[in-house]
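The values are calculated or read from the model by the stated rules, or taken from the named source; none is laboratory data. If you're wondering where the values come from, they're calculated on a predicted model, not measured in any experiment. A quick note on method: Cβ atoms are made from the backbone with ideal geometry, for glycine too, and the neighbour counts reach across all protein chains shown.
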Amino acid sequence: MTNLVSDLAPEALTEDKIRRQKFSLYEDNQLRSLVAQFGSVDWNSISLHMEGRTARQCRDRWNHYLAPSTNNTEWTVDEEVALIKQLKQVGKQWTYLASLFPGRTSIGVRNHACKISRRMNADPMIKELLKDEYKKKKANDSRKEIENSINRVVLPPCKLLVSLAISGESQFKKSPFDIGGISVENNIIV
């Protein structure tokens, strides 16, 4: 059996040689072999042996898809139900959500959540939450609508809070640690 790594001569990469396409099965096997030889730390050395691939592409492919600790199996019904429930509660916090599913990466969780949202019978709240996940957001897109639709506590602007505190219409207490006399403890304005 020949060693794929020793048969390849490292080449200097130029921007013209960097490709944006899926990794082939050959490249996946080559990457596994290189990680076995160099370890999963020296991505610059590994990328020199992967023609047309950058260190970041190699690292991301390994960490999100090929690492032995990564779970890329089909999602179970129980996992999907838990993902939908947690997505409604915490929103698009992919790293946190991934921590709830052993072996799943944040990229894998995000991709599967988007796949769920594209289904014909998907929950409208999930569709609304993820409708622009892959699009670049503008500064004032529908953030307020999304926050309100998933029952998060949205505080009014600070000027309104201060005016309520001054007028005595609320149960605000002046705190020695808070400028202006308003502080939030355990999601309660005190």
Exercise for the section: Determine whether the stretch 131-149 contains at least one residue that is at pLDDT 70 or above, out of contact with any Gly (no Cβ under 7 Å at 6 or more places or on another chain) and within 29 Å of GLN57 (Cβ to Cβ). Expected result: yes
Completion exercise
Inside the stretch 41-90, the number of residues satisfying the requirement of being among the polar types (S, T, N, Q), free of Cβ contacts under 8 Å to residues at least 12 places away in the same chain and not in a helix (DSSP H, G or I) is 2
Practice task
With the checklist (1) closer than 25 Å to ARG20 by Cβ; (2) not assigned by TED's automatic domain parsing to the domain that holds ARG20 in hand, flag the one item GLY103 doesn't pass.
Solution key: (1)
Practice task
Return the pairs, sorted by first residue and then second, in which the second residue is buried (at least 18 other Cβ atoms within 10 Å of the Cβ), the first residue lies in the stretch 23-39 and is free of Cβ contacts under 8 Å to residues at least 12 places away in the same chain, the beta carbons are less than 7 Å apart, and the residues are 6+ apart or on different chains.
Solution key: PHE38/ILE46
